[in-house]
Every structure is written in structure tokens, then in C-alpha cells.
1. If residue 418 meets every condition in (1) more than 30 Å from residue 296 (Cβ to Cβ); (2) among the charged types (D, E, K, R); (3) out of contact with any Ser or Thr (no Cβ under 9 Å at 6 or more places or on another chain) apart from one, which number is that one?
2. So, in the stretch 103-124, how many residues would count as being touching a helix residue (DSSP H, G or I) at 6+ places or on another chain (Cβ under 7 Å), in a helix (DSSP H, G or I) and farther than 17 Å from residue 187 by Cα?
3. Has the stretch 194-212 got any residue that is farther than 30 Å from residue 79 by Cα, part of a helix (DSSP H, G or I) and among the hydroxyl-bearing types (Ser, Thr, Tyr)?
4. When you scan the stretch 125-171, how many residues do you find that are part of a loop (DSSP other than H, G, I, E, B) and either farther than 19 Å from residue 23 by Cβ or touching a Gly at 6+ places or on another chain (Cβ under 7 Å) (or both)?
5. Any residue at all in the stretch 323-345 that's on the phi > 0 side of the Ramachandran plot and not polar (S, T, N, Q)?
6. Hey, among 150, 202, 158, 166, which residue is buried (at least 20 other Cβ atoms within 10 Å of the Cβ) and under 21 Å from the mean Cα position of the chain (by Cα)?
7. Applying the selection to the stretch 84-120, what residues are hydroxyl-bearing (Ser, Thr, Tyr) and more than 24 Å from residue 149 (Cβ to Cβ)?
8. Which is under 30 Å from residue 335 (Cβ atoms), under 19 Å from the mean Cα position of the chain (by Cα) and part of a helix (DSSP H, G or I), of 397, 371, 364, 409?
Amino acid sequence: MGTESIGRLFLQYSIPTVAAMLFLGLNTIVDGLFVGRYIGTDALACVNIAMPFSSFLFAFSVVIGIGAQSLIGRKLGAGNALEAKVAFTTALLVAGGVSLLFTAAAVIFPIQTAYFLGANDHLMPQVATYIRYLGLFLPCLTLMMVLDYVLKTMAMPVYAMLALVVAVSSHILLNWLLLVKLSMGIKGAALATGGGYTIAFVMASLPFFRQKAVLKPFAGSFDTGAARHILYSGSSEGLSEMGTGITTFLFNITLMRYVGEMGVAAFTVISYLAFIGNNVLLGLSDGVGAIISYNYGSCQLERVRKALNLLLAATFVIGLGFFIAIFVFSNEVIALFLNDGHEKVLTFAVYGAKVYAFAFLVNGLNIVAAGYFTAIGTPKQAVLIAVSKGIVWITAGIVALPLLFGIQGIWLIVPMAESVTVVLSGFLLCRHFKQQVYLSDNWDKGTG
């Protein structure tokens, strides 16, 4: 990663990483397609109400994965394999421990969790069932995500992609078997999702048991300093993912208040489309992040700048593509998630999707900016971006926009939050590179 041309590395890492995140997004959407068509819109709403529970753990997994990728990449770039092994072992232990706590909460307190997430008495039984059975597989989800990020640092992005391809294929097969053939309902949807996570975890773990693997499970020791560094470095990406859970939670409560189950079902479908788009953009940023962290660790700033410029250009083009696709095909795509007799939900969701689509014109730039600061080991700026778009402006929008514009104002919240935050992202990047001008001589001499 320190000598190959940046353009070639960009393609080598970005394509399989984007494909992997795309398949991870499809893994979630498969649930929506099967649940919406074979169980019904109430079940679709139940899956979305339960989503923040797993989203918070997913966010924590991203914190550990990104933090470990950044730390391990810089240690390997500096030639320090021993500290890279310590970081890997620490990441696995922290991720495994926290995921077990989530599993315990899901299995012991599913009803309380369902009510907390906004389920009403009508939807609560299905939400609780989904949480209880999905909770059994949460450790596999967490460890799978951590291993996926570390595989990219080990120069195995294609294998990471293949693991998720097999997982999604298995998930589709399990959904067909458990929902269509065995009619297991919401429990079957949870088991199918958990089965996909488990298969991905098993595949992602295999390369680390090779005899020649640089990183092996538990080859290093647990280190509290490394744990703090990993949590700190990955905090921005985790806050961004946590913002997704917070957004879903606040949207569910707001839509239940203004519209009811129909509104939650419509938002569920929109969130699936957004999840696909965000995953592609996040995958692009994460894949190139491994290149950035390695070259930053080896003091090659010009290569870092080239990688960032390519990343920004590709992100804008992809975001524009998603914006156009949603405007043109939203009716046909959303109809796939709904069975017959739900025309009101379809109309409501199509309108919301077209308004929501404006977020894709700028949100990729926010993802790239946050990912860049994380990759170079200065996550304070990335935390500001994540908090701005995922918490501060989302919360402000939830409070103000429905009062000003009614139900239609709900769909404006995310585009507004992303648009305000892109100004902050641009300012932070410009300030950073102005500061780097004064350090360029040190970088050229390899003393930065």
C-alpha cells in the first residue's frame, strides 16, 4: 500500500469494499422484501421498530472495527507487528464482551425493550419476538464486522466481500425456507437474519487461523491503552452509525404520533433504500481509509492527498446516481416491499423517498470527511461531523420541521441535517490542509 499507484490501489480496495457493504445492505433489505410480502405491513413496521436495538450494537461494532483498522494499519505501516497483534486481540475481546451484554438484554428483557423502542400494544408481541431471537446472534454480528475491517488492513478486501456475498445468499435461502415454506412469521425473519450473520462471521474468521497470518486471534494480549485508542479512533464512525439508530428511533416515535403504523411502515421502506445508499458510500470511504491510514503512518502525505481527492470525486458521482435513481424508480422499488392493498402506504412512501433523496447529494461528502479524520488518527473533527449530522440537527429537525410543515416536514429532516453538516465538513478539511502546508517539509523528510 505504500508503493503501488494510488489509482490502482483505489480500484483494488474500493470496488470489493463497496460491493461488500452493498451486500451487507442487501442482507437487511432481504428481510424487508420477505417480511413485507409474506407477513404484512405490521410486521414490516415491527422490524423497523426493533432496528435501533441492533443498530446501536452495529454502531459499536463499527467503532471497534474502524478504530482497530486505523490503529493496526498505522502500526503495520510503521513496521510494528507486535503492537498490531495487541490491538487486534484487544478489539476482539472488547467487541465480544459488549455483544454478550446486548444478547443478555435481548433474551431476558425483550418486552421491556420493545416498549422502550416505541412499540404500541398492537405491535409489541411481534417486536419482542424479533428482538429475542435476533439477540441470540448478536455476538456473530459484532465480531463479523470487526473482522471485516481488519481483513482490509491485511490486504484481503476481496475475501471480505466474498464472505458477505455468501452470507447474503444464505440469508435469502433461509428467508425463503423459514417464511415462505415453513410460515414461521417474525421469528423466522429473525432466525434468517441471524443465520446470515453467523455464516459471515465463520467465513471472515478463517484467514486469521492460517499459519502465515500476520494477525491471529489472541496472539497478542489485552491492553487498556489500545482499547482506549481504538474506541477513541472509531468514535466518529460509531457516532455516525449510532445517529442512524437515533434517527430511526425518533422517526418511529414521530410517525406513530402523526400517522400511525402506516407511517412507520412507509419509513421502513425508505430506510432500506437509504441503508443501501449509505452503505455504498461508507464502504467506499472505509476501503480507501485503509490506504490513507497506512500511507499516513509511513509519512507519505502526497499519496494521502491523492487518495482523498479520488474518494471525494467518486463519492459525489455515486451520491448523484442514487439521487437520480430514487427519483426515477422509487415507485417500482418501494412496491416490491408491499403486498396488494396498501396503495396509501405506497403513495406516502414514494413522496417521502423523493424528498429524502436530496440527502444523497451531500451526505457522501460528510462520510468521507469523517472517515478521513478517523483514518489519520485525529477523530475529534470526525466526532464533530458525526454529532452534527446524526444527533444535533436530526433532533432539532424532529422538533421543528413537523410543526412548521406538517407530515411533509418529517421527510425534510435528514436532507436538512446533511446539508448543514457539509458546510462544517468543508471547513474542517480546508483548515486541516492549510495546517499541513506548514508541515510539508517535515513530511517530505519523513519526520512528520
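Computed from the coordinates by the stated procedures, all read-outs in this text should not be read as laboratory data. From a predicted model like this one, the values you see are computed outputs, not experimental measurements. Cβ coordinates were reconstructed from backbone atoms using ideal geometry, including for glycine residues, and neighbour counts include every protein chain displayed.
1. Unmet condition: (1).
2. Counting residues in the stretch 103-124 that are touching a helix residue (DSSP H, G or I) at 6+ places or on another chain (Cβ under 7 Å), in a helix (DSSP H, G or I) and farther than 17 Å from residue 187 by Cα gives 2.
3. Checked against the condition, which is being farther than 30 Å from residue 79 by Cα, part of a helix (DSSP H, G or I) and among the hydroxyl-bearing types (Ser, Thr, Tyr), the stretch 194-212 yields at least one hit.
4. Applying the first criterion (part of a loop (DSSP other than H, G, I, E, B)) to the stretch 125-171 yields 136-137, 154-156.
Then drop every residue that is not either farther than 19 Å from residue 23 by Cβ or touching a Gly at 6+ places or on another chain (Cβ under 7 Å) (or both), which leaves 136-137, 154-155.
Selection size over the stretch 125-171: 4.
5. First, the residues of the stretch 323-345 that are on the phi > 0 side of the Ramachandran plot: 341.
From the residues that got through so far, the ones that are not polar (S, T, N, Q) too are 341.
Yes: one or more hits.
6. On the way: 202 fails: buried (at least 20 other Cβ atoms within 10 Å of the Cβ); 158 fails: buried (at least 20 other Cβ atoms within 10 Å of the Cβ); 166 fails: buried (at least 20 other Cβ atoms within 10 Å of the Cβ).
150 is the lone residue from the list that is buried (at least 20 other Cβ atoms within 10 Å of the Cβ) and under 21 Å from the mean Cα position of the chain (by Cα).
7. So the first thing to find is which residues in the stretch 84-120 are hydroxyl-bearing (Ser, Thr, Tyr), and the list is 89-90, 99, 103, 113, 115.
113, 115 - these are the residues of the stretch 84-120 that are hydroxyl-bearing (Ser, Thr, Tyr) and more than 24 Å from residue 149 (Cβ to Cβ).
8. Numbers: 397 fails: under 19 Å from the mean Cα position of the chain (by Cα); 371 fails: under 30 Å from residue 335 (Cβ atoms); 409 fails: under 19 Å from the mean Cα position of the chain (by Cα).
Result of the check over 397, 371, 364, 409: 364.
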